[in-house]
1. Efficiency by 1/(1 + (r/R0)^6): what FRET value for Gln267 and Arg596, r their Cβ-Cβ distance, R0 = 35 Å, to the nearest 0.05?
2. Computed on alpha carbon atoms, what radius of gyration and Dmax characterise the chain, expressed in Å?
3. For the residue pair Ala381 and Ser277, what label-to-label distance in nm results when each label sits 7 Å from Cα along the Cα-to-beta-carbon direction?
4. On a full-extension model of 0.36 nm per residue, what is the gain between Arg251 and Ala148, subtracting their alpha-carbon distance, rounded to one decimal in nm?
5. Can you report the principal axis dimensions of the stretch 563-634 using only the alpha carbons, biggest first, rounded to whole angstrom?
6. What FRET efficiency would be calculated for the residue pair Ser164, Gln218, taking the C-beta separation as r and a Förster radius of 22 Å, to the nearest 0.05?
7. How much length is gained on full extension from Cys390 to Ser613, taking 0.36 nm per residue of separation minus their Cα-Cα distance?
8. Modelled label-to-label distance, Met491 and Glu334, 7 Å Cα→beta-carbon offset: nm?
Amino acid sequence: MASGGLKAALRSLVQGTDDNARSPGDPSRRLISEAEHHSPNWFWQTDRNGRISYLSDKIVSVLAAAGIDAIGAPLVDVLRIAGSDSTAGDNERTIAFHLSARTAFTDYAVTPASATHTDRSWTVSGSPFTDPYGRFEGFVGTGTDMAAVRQSDAAITRLALFDSLTGLANRQRMRMSLEQTLAQPGYDGTALFLLDLDRFKAVNDTMGHPVGDALLKQVAQRLERTVGDAGLVGRLGGDEFQVILPRIASRSDMVTLAQAIITALSQPYFLNGTAVSIGCSIGIAVSPDHGATPDALVANADLALYAAKDAGRGVARFFHDTLLDGARSRRQMESDLRVALSLDQMRIVYQPVVALDDSRITAFEALLRWEHPTRGSLEPAEFVGVAEECQLIESIGEWVLRTACHDAAAWPGESRLAVPLSGAQFANPALPAIIANAVARSGLSPERLELDLDEASVLRDMRAAVGSFAALHGIGVRLALDDFGAGPASMSCLRRLPFDRIKLDRSFVRGVSDPEGRNAAVVRAITTLGESLGIDVTAKGVEYQDELNALRDLGCSDVQGLLYGPPVDNAAAASRLLAEGGAMTPRGPKAPRAPRTRMLRSTTIELNGTRRSARIRDLSSDGALIDLIDFDEAAIGTTLRIDTGGGQWVAATLRWAEDGRAGLHFDHPITVERRVTIRRSSVREPGA
């Protein structure tokens, strides 16, 4: 039925007598026209004899297609009460009675008076109207297309219960289904899977939201195919999905299905010609063991999902009671974190960045530590996630920035300060003002401050990132792309944003000294690129002297890592800049090595056909430390043979020698058993 406003407009229209009332600009005419074109409603009018004098164009077209010329025809000849046949006049006389009695009627179901359009379903309402003198003029009324109403209702229902992107059940429908399932008497058990996509955020941030949406659609399709008729699949929002599995009592079946889901969702996706790989973690809660209500089951599945992520992602975990302790621990950590700054529990340590040309400190990177009153010293990886969840990361990051700038301003010389920024900090429009204020209050020269950003932070909003870079460079600070190569779009960052430094991810540094690996070639390509763009290249996570030497040969400008010892406090950082002009000596081992067994065992080595006595001090599967023998410097790099015990001779390369000791690297690994028995893992050397 039309609204009261529409009825009033229609009455005003049909009762108007002057030209202004019926002009195209008349508000009543505009209101009726809008309703006719954009709603399921239509309008009609009869004269005092019950003949149609006005009918909305869309209904005139429908009736004309049925061979009915409506204008001028009696209303009762054009519309038939739904459910009646052409010969039974009782229902037709219902409308005729109202027309004759000049009384209003409401919501009569009718169809066109034609056998070819009986599928049409309308309702009509009408009321008499009079002229200004009170004389009866006819009827005015409304009609409604019930098929359109049903379609509209279905669309509204779909919007209310289904996810508009994937077509899966949405959060509301999943909750309703879970309530209905748990309410069934005597059910055998219901499993709830809570799924979270691993690495989806990186895809969404670096490749754009349209690609992320396309990926979610493919994920939904794979989920439905994998689960099949076993349960109901829904999307809760973002990259979080849920599966309800009624009457599944076997945990082995749950594990099998969960693994099938993880495998299916981990297969590559092809989007815009690019292969994209993500993963999936699953938390599982089973009713009634893990909760008999929807809220309890969902909460416990969420805890199980946390456990799956903590286990390294790409796995499924069941809820168990000990997870409640972990949840309480996280809540306690959040509470402790909220007061950590005010209680002066946070501190900053500084890791040196050392130039490869003269081994002098060029910068210190500020690293955060939390001296927790009961848990001891915590590194950021242990609490940053909680800080992000409770939205404390920006305030903590600003404290680090201001404190580190204050410390660095007092350092001797012109060494730089590197401060990592979180994505939330970089997204803050006030960041340039915060940086400018920090350097101004500390007295630190802006050119000495370098801000480290990861690619996800800058690619989240590239247009805003370009503006932020311009503002920060205007202040005078430098910008570094941290963990270069760890994400899928590092090259895109360099192409679109003016970075001053690249910080190589540890994954490229690891194995860079291996002549059979490809990391050296990759690092060479990156340093060449940096040189072409005028960008410095720093290698992070350097632990071994072999890596240091390789990185120097490959063109890196600076390195940082445990090779130069653990990070130090502010006083020690200042002292290191004063000592020997800031020169640093590597402290780490020469090369990575397998676990070694300490021993003292006499042995024999053979070099250039000459056998000499020696002693094995340390032995591992790939090398040994020997002593009681001196080698000339020219012998380093040559191949020799060593008796590792029981007449087993192994070919080895002399890696280093000094002060009567030497390090050997075996050409083929050996197996060391029980610290005593030593066997070759390959075929015994002929002639040994």
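1. Efficiency, from the Cβ-Cβ distance: 0.30.
2. For the chain, the Cα radius of gyration and maximum Cα-Cα distance read 39.4, 135 Å.
3. 2.1 nm
4. Numbers: separation 103, 0.36 × 103 = 37.08 nm, distance 4.75 nm.
Here the answer is 32.3 nm.
5. Over the stretch 563-634, Cα extents along the principal axes are 54, 28, 17 Å.
6. About 0.85, to the nearest 0.05.
7. Here the segment from Cys390 to Ser613 would lengthen by 73.8 nm.
8. 4.2 nm
The values are calculated or read from the model by the stated rules, or taken from the named source; none is laboratory data. Note that this is a predicted model, so its numbers are computed, not measured. Positions of Cβ are generated from backbone atoms using ideal geometry, with glycine treated the same way; all protein chains shown enter the neighbour counts. Calculation scope for accessible area: heavy atoms of the full protein, side chains included, ligands and nucleic acids excluded. Shrake-Rupley method; radii C 1.70, N 1.55, O 1.52, S 1.80 Å.
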